[in-house]
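These notes concern the structure reproduced below.
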Amino acid sequence: MRLPRLIAAFVLAAGPALAAPAPAPATDADLPAARKAWEKRDLKALEGWRDRFAGHALEAYPAYWHLSATLEKADPAAIRAFLSRHADTPLAEPLRRDWLKLLGAAGRWDDFRLEYPLVASDDTEVACYALQERLARGDAAALKEARALWLEGREAPAACTPPFEAAAAERLIGPPEAWERIRRLLAAGLVAEARRANAFLPNKEQLNEAALQRAAADPGRYLAGEKSRIPTRATHELMLFAVTRLARSKPEEAARHLEAHAAALGADDTRQGWARIAHAAAQQHHPRATEWFGKAGEGPFTVAQLRWKARAALRAGDWAAVRGAVNLMPPEESRDPAWRYWLARALLEEGAKPAAEAILRPLAGERHFYGLLAAEDLGIAVAPDWTARPVADDDVARIRAIPAVGRAIALYRLDMNAEAFREWVHGLRAVDDRGLLAASEVALQAGLADRAIGAAERTASLHDFGRRYPTHHREPLAAASRQWGVDEALLFGIIRQESRFNAAIRSRAGAMGLMQLMPATARWVAKQIPVQPYRPAMLTQPEVNVAMGTYYFHRVLADLGDPVLATAGYNAGPGRAKRWRDAAPLEGAIYAESIPFDETRDYVKKVMANTWFYTHRLTGRAPSLRALMGTVPGRGANGAANSVAAIP
């Protein structure tokens, strides 16, 4: 019996010598492995990474991943310790939101009550749990807030149902409120959410589920078969829903059905139907959109309908209707630079020059698409000052000392771009103009051209236009410009908008490099030039990407015959850009304003404003933005627009 005891004693004595060595502290390069463990939900590995990163500048990430993977079982003290230690990171807020949702779902109101006041961002689910918590302690004011949320007509998570039910029990949500929500939800196409709202109506008043399904599946057939002799609120809503749904593809047919049912619907609901048809028609550039908006009278209109009422009027050249639409917009919408400009233009066209100039003068001081147009309308010569603003060493040191900036740069080096971007924005959220210019310099030194532009672009009064509009990769770009006959300033404008000179960037859709070429497009271009042998990885090489992208834009421009059309086509596809033309020629700015895709509309304006700045920087002359925008030819125009073989 003594031998085993001796062996045991030996093992115990030798334990420290035989134990495995402690793992080495982690380095930046280990972080992707820690993230992979999180993605695989490998909790043991995650725990190891969390411990190894303790004390490291990026320690918050493995700690956050481990907590987020174990949040349901995590010790509240551990969660609060993370939130306290890493409060000045962009990770604290999402963890707090997720924890509040778990606390709310479990009804742990004491913990919820402590943490909720610290949440910074809007989240409907968290807000509804907060309403539940207040109702649990008898706060009657929460009922009114639940009613207000109900009437917003937005999709609501399951956490909102108890507050809605409580408000209904207290008669703050009754049939009028239920119908208002249902109407808004059906207008937005949120059929499942409308079904949930339908349950708040008395059984005899509810929408017929089978009829709702028919109206959703085949609205034209539903409207043709609707013959209710005594229409109810339910049949009214179903007819309006069907009209709205049909108008998205067949506005003429929707208009015929609305006219047929106008007597049954009554004047108010018929006007509502015309507003919906006109909105859908305007987005399709239907020639009768303005007429149908006229049938809707003074509305009421949604903000989205008023935007397209103004755009349809612009395309029709109806300046009184443009003015009327903008004047009906709520103040926060009418203050948008686009509507300020178009209201001023409408006033100019109608001869109200003093009123127009009162709008244009302050707008002309803003350095964006509409500010440039406003200055031009006033006859003001605008010339950017390209003199570089010196950046003080102490300002650079101040920015480098921000922990989030250091983390952002480290994360960018690891190709963790989403995390890096959040850190960068978080770190610079309260920086002054001098700090922003210093941040631009810090980014440039780190090889982050896109972040350098973004920081410089945010300054309020100390501007450095050279930092905003850099000329990186000038040599290959100038060569491609000469080879394919594309304006160099326009190419710079495209690259600044596509990638902000980040040669390695890759979009979620797979577009790559400076000019963001899609894989299929790049393969097609590689055969045309040709590029042999071609490999997708070559798209991260600036000279290759610029050469291929310029060739592709050259072909799009040859196909469409107009720079504005080609810019729209580069973003959304040449076929769409052609379809968005009018029968008659359109002012380029009006064509751009009436592009149906939000992304492409914004893209064209920004590329053309970029082109204006780059033209000045490259040539020293202040161009006319109106001349750059030109006139987009009508659909019946002959020439190059239909002469080139189809391109992707």
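The values are calculated or read from the model by the stated rules, or taken from the named source; none is laboratory data. In this text, all values refer to a predicted model and were calculated from it rather than measured experimentally. Neighbour counts are summed over all protein chains in view; Cβ atoms, including those assigned to glycine, are modelled from backbone coordinates with ideal geometry. Side chains included, ligands, DNA and RNA excluded: accessible areas come from the protein's heavy atoms. Shrake-Rupley method; radii C 1.70, N 1.55, O 1.52, S 1.80 Å.
Quick rundown of the values:
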| quantity | calculated |
| --- | --- |
| One residue from GLN497, GLN516 being more than 30 Å from ALA430 (Cβ to Cβ) and touching a residue at least 12 places away in the same chain (Cβ under 8 Å) | GLN516 |
| Meets criteria (more than 30 Å from ALA275 (Cβ to Cβ), open to solvent by less than 50 Å² (accessible area, probe 1.4 Å) and at pLDDT 95 or above) for ASP123 | yes |
| Matching residues in the stretch 459-491 - criterion: being within 25 Å of PRO536 (Cβ to Cβ) and either open to solvent by less than 50 Å² (accessible area, probe 1.4 Å) or assigned to a strand (DSSP E or B) (or both) | PRO476, LEU477, ALA479, ALA480, SER481, VAL486, LEU491 |
| Answer residue from the stretch 99-120, given it is among the small types (Gly, Ala, Ser) and open to solvent by 50 Å² or more (accessible area, probe 1.4 Å) and is farthest from ARG195 (Cα to Cα) among those | ALA120 |
| Hits in the stretch 566-619 - residues which are in contact with a helix residue (DSSP H, G or I) (Cβ under 9 Å, 6 or more places away or on another chain), of a type in the set (Asp, Glu) and closer than 18 Å to ARG315 by Cβ | ASP582, GLU587, GLU593 |
| Residue that is farthest from the chain's Cα centre (by Cα), among those in the stretch 327-372 that are part of a loop (DSSP other than H, G, I, E, B) and in contact (Cβ under 8 Å) with a residue 60 or more places away in the chain | ARG367 |
| Residues being open to solvent by 40 Å² or more (accessible area, probe 1.4 Å) and either in a helix (DSSP H, G or I) or without any contact (Cβ under 8 Å) to a residue 12 or more places away in the chain (or both) - total across the stretch 576-590 | 3 |
| Condition met for LEU477 (aliphatic (A, V, I, L, M), touching a residue at least 24 places away in the same chain (Cβ under 8 Å) and within 28 Å of GLU93 (Cα to Cα)) | no |
| Which listed residue, of ALA418, ALA456, is under 25 Å from GLY513 (Cβ atoms), within 24 Å of the chain's Cα centre (by Cα), in a helix (DSSP H, G or I) and without any contact (Cβ under 8 Å) to a residue 12 or more places away in the chain | ALA418 |
| Answer from ALA192, ALA199, ALA217, ALA210 - the residue that is farther than 20 Å from GLY266 by Cβ, open to solvent by 50 Å² or more (accessible area, probe 1.4 Å) and within 28 Å of the chain's Cα centre (by Cα) | ALA192 |
| Counted residues, the stretch 383-413 - those being closer than 30 Å to PRO623 by Cβ, hydrophobic (A, V, I, L, M, F, W, C) and surrounded by fewer than 18 Cβ atoms within 10 Å (Cβ to Cβ) | 3 |
| Set ARG221, ARG214: member being in a helix (DSSP H, G or I), within 22 Å of LEU185 (Cβ to Cβ) and out of contact with any strand residue (DSSP E or B) (no Cβ under 6 Å at 6 or more places or on another chain) | ARG214 |
| Residue satisfying condition, being hydrophobic (A, V, I, L, M, F, W, C) and in contact with a Ser or Thr (Cβ under 9 Å, 6 or more places away or on another chain), within set LEU67, LEU95 | LEU95 |
| Filter result (on the phi > 0 side of the Ramachandran plot and open to solvent by less than 50 Å² (accessible area, probe 1.4 Å)) within the stretch 492-527 | PHE501, GLY510, GLY513, GLN516 |
| Residue tally, condition over 10 Å from HIS279 (Cβ atoms) and either surrounded by fewer than 21 Cβ atoms within 10 Å (Cβ to Cβ) or in contact (Cβ under 8 Å) with a residue 60 or more places away in the chain (or both), over the stretch 294-310 | 7 |
